[in-house]
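Asks: Take this structure first; my questions come after.
Every number here is computed from the coordinates shown, using simple stated rules; none is lab data. Just so it is clear, the structure is predicted and the values come from calculations on it, not from any experiment. Quick reminder, even Gly has a Cβ in these numbers, built from the backbone with ideal geometry, and neighbours come from all protein chains shown.
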Amino acid sequence: MEFQNKINDILEREKTRQNGCISLIASENIASKAVREACASVLTNKYAEGYPGARYYAGCEIADEIETMAIELTKKIFGCSWANVQPHSGSQANQAVYFALLTPGDTILSLNLEAGGHLTHGAPVSSTNRHYKIVNYSLDENGFIDMDSVEKLANEHKPKLIITGASSYPRAWDWARFSQISKSVGAFLMADIAHVAGLIAGGVHSSPINFADVITSTTHKTLRGPRGGLVFSNNLEIGAKIDKAVFPAIQGGPLMNTIAAKAVAFAEILETNFAEYSKNTISNAAILAEKLKSAGGKLVTDGTDNHLMILDCSSFNMTASQAEKLLLAANILTSKSKLLTDSSWKNPNGIRLGTPYITTLGVSDITEFAELFTETLTSQNPLKLREFTIETAQKLYPKFL
């Protein structure tokens with residue numbers, strides 16, 4: 001009981017922390033009370049290895065119903081013919097694709113980690129790099145994906161898989177051009193839409209569904225669901241291979257409580273004004289980007305097409321670490337992002353800023369916030385922004401408790 005009291009106290013302190021801050025971390029959002037309740041449901045007690053109608057344990061009738069519901073909702077949202085909702089994370093969703101479609105030693109062409117790519121797309125510290133040959137494309141001098149270089153590298157290295165998607169890229173993807181390049185060299189095309197999945201679901205970002213062979217995502221960023229992964233496709237043959245890769249190749253029993261929470265989040269997308277939320281998320285990002293630029297801030301690609309932007313903090317005479325500490329003093333959470341021109345991951349000049357969280361809070365026009373945010377960076381005085389942050393968060397956050 002004493003230990004449980006300590007845990008409860010820690011959780012209450014985390015609730016208090018969230019109730020007094022605003023996260024601009026592009027990969028964070030706020031899950032609804034219904035999503036959180038599903039995560040904490042009795043389904044956490046149920047082992048359900050296998051798939052609906054083909055489980056290895058008895059008593060999975062309810063689990064089958066829940067998972068089937070999550071799959072059907074995924075199909076409806078993204079217009080796909082097959083989906084797997086079991087991956088525990090976006091990283092494991094990606095690993096399942098690799099296991100299903102590649103043989104160790106095959107070549108993957110993906111965005112360089114230092115250009116905004118993701119660890120699981122072949123970064124040196126990832127297991128992907130150990131098992132496959134990784135070739136990276138990068139950005140042009142303006143910070144955009146260098147598509148001519150992508151085509152050149154694909155023709156030179158003949159990859160088995162080309163990956164689109166990133167953890168820190170502020171612009172739209174040319175799905176059609178990537179598809180054309182992939183087909184020209186006989187490669188599979190995978191779209192990792194972890195960051196923009198909710199924008200796609202909301203109809204404010206183009207979808208790769210008609211261009212990519214397989215699509216992976218997380219469910220907790222712009223989708224506002226629980227922390228978890230997702231894979232879907234319009235190719236049933238590929239889907240069957242990935243089903244076997246998810247289970248039994250790389251995972252055991254699925255987290256049925258999380259799958260229930262995914263179903264709740266997906267239903268919320270269809271039953272709420274999610275399109276308006278997505279529109280506001282992009283609008284808020286544009287407002288913040290323009291305010292930063294008007295104050296002399298330098299942004300990678302000079303702006304954004306989606307929910308995030310990368311600010312070069314040196315334009316405000318700071319490193320990313322200094323900016324992070326300054327903003328933390330104003331109860332604003334950010335994440336550092338290495339720029340191509342930076343020499344160190346430990347002390348970069350870039351910070352990644354995103355608007356999903358503040359938009360979920362209910363701020364549909366962040367003009368005032370953006371002005372105070374920019375003023376804080378120029379004056380390096382966090383007091384005004386801190387007051388605004390606490391007042392706003394304490395006013396809006398409790399509706400999610």
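Asks: If you project the alpha carbons of the chain onto their three principal axes, what span does each projection cover, largest first, in Å?
Replies: The principal-axis extents, from largest down, are 60, 60, 39 Å.
Asks: Based on other C-beta atoms within 10 Å, arrange TRP175, TRP345 from fewest to most.
Replies: Working: TRP175 18, TRP345 10.
Final ranking by Cβ density, sparse to dense: TRP345, TRP175.
Asks: Helix-only estimate, please: 222 nm mean residue ellipticity of the chain, summing -39500 (n - 2.57) across DSSP H runs of length 4 or more and dividing by its residues, to the nearest 500. Walk me through the numbers on the way to the answer.
Replies: Values: 15 runs with 174 residues, N = 401.
Rounded to the nearest 500, it is -13500 deg cm²/dmol.
Asks: Quickly work out the LEU401-to-SER343 label distance, labels modelled 7 Å from Cα along the C-beta direction, and quote it in nm with one decimal.
Replies: So the label points at SER343 and LEU401 sit 4.8 nm apart.
Asks: Please give every one of the aspartates and glutamates within straight-line cross-link reach of LYS338, meaning a C-alpha to C-alpha distance under 18 Å, and leave out same-chain neighbours fewer than 8 residues apart.
Replies: Reachable aspartates and glutamates: GLU114, ASP140, GLU141, ASP302, ASP312, GLU324.
Asks: Quick one, can you get me the convex hull of the C-alpha atoms of the range 34-271 expressed as volume per residue in Å³? Can you show the working numbers first?
Replies: Numbers: hull volume 27.1 nm³, N = 238.
Each residue corresponds to 114 Å³ of Cα convex hull volume.
Asks: Mind putting a number on the dipole of the range 276-400 about its Cα centre? Charges go on the C-beta only, +1 for Lys and Arg and -1 for Asp and Glu, and I need it in Debye to the nearest 20. Don't skip to the answer; put the middle values down first.
Replies: Numbers: 13 positive and 13 negative charges, 78 e Å.
Rounded to the nearest 20 debye, it is 380 debye.
Asks: Defining a contact as two alpha carbons under 8 Å apart and six or more residues distant in sequence, what relative contact order in percent does the chain show? Write down the numbers at each step before the final one.
Replies: Numbers: 801 pairs, mean separation 93.9, N = 401.
Answer for the chain is 23 percent.
Asks: I want the antiparallel fraction of DSSP beta bridges within the chain, as a percent rounded to 5. All intermediate terms of the calculation are to be shown ahead of the outcome.
Replies: Values: 20 of 36 bridges.
Looking only at bridges with both residues in the chain, the antiparallel portion is about 55 percent.
Asks: Based only on other Cβ atoms within 10 Å, what is the fewest-to-most ordering of ARG13, ARG177?
Replies: Details: ARG13 10, ARG177 16.
Ordered from fewest to most neighbouring Cβ atoms within 10 Å, ARG13, ARG177 come out as ARG13, ARG177.
Asks: List SER149, SER167 from most exposed to least, where exposure is judged by having the fewest other Cβ atoms within 10 Å. Don't skip to the end; give the middle numbers.
Replies: Numbers: SER149 14, SER167 23.
Placing the least packed residue first, the sequence is SER149, SER167.
Asks: In the structure displayed, which of LYS133/LYS262; LYS279/LYS395; LYS293/LYS346; LYS262/LYS298; LYS75/LYS241; LYS33/LYS346 lie more than 28 Å apart, Cα to Cα? Mind dumping the intermediate values first?
Replies: Numbers: LYS133/LYS262 34 Å; LYS279/LYS395 23 Å; LYS293/LYS346 26 Å; LYS262/LYS298 37 Å; LYS75/LYS241 18 Å; LYS33/LYS346 36 Å.
Pairs exceeding the cut-off: LYS133/LYS262; LYS262/LYS298; LYS33/LYS346.
Asks: Percentage of Cα-Cα pair distances in the range 276-400 greater than 20 Å, rounded to whole percent?
Replies: 40 percent
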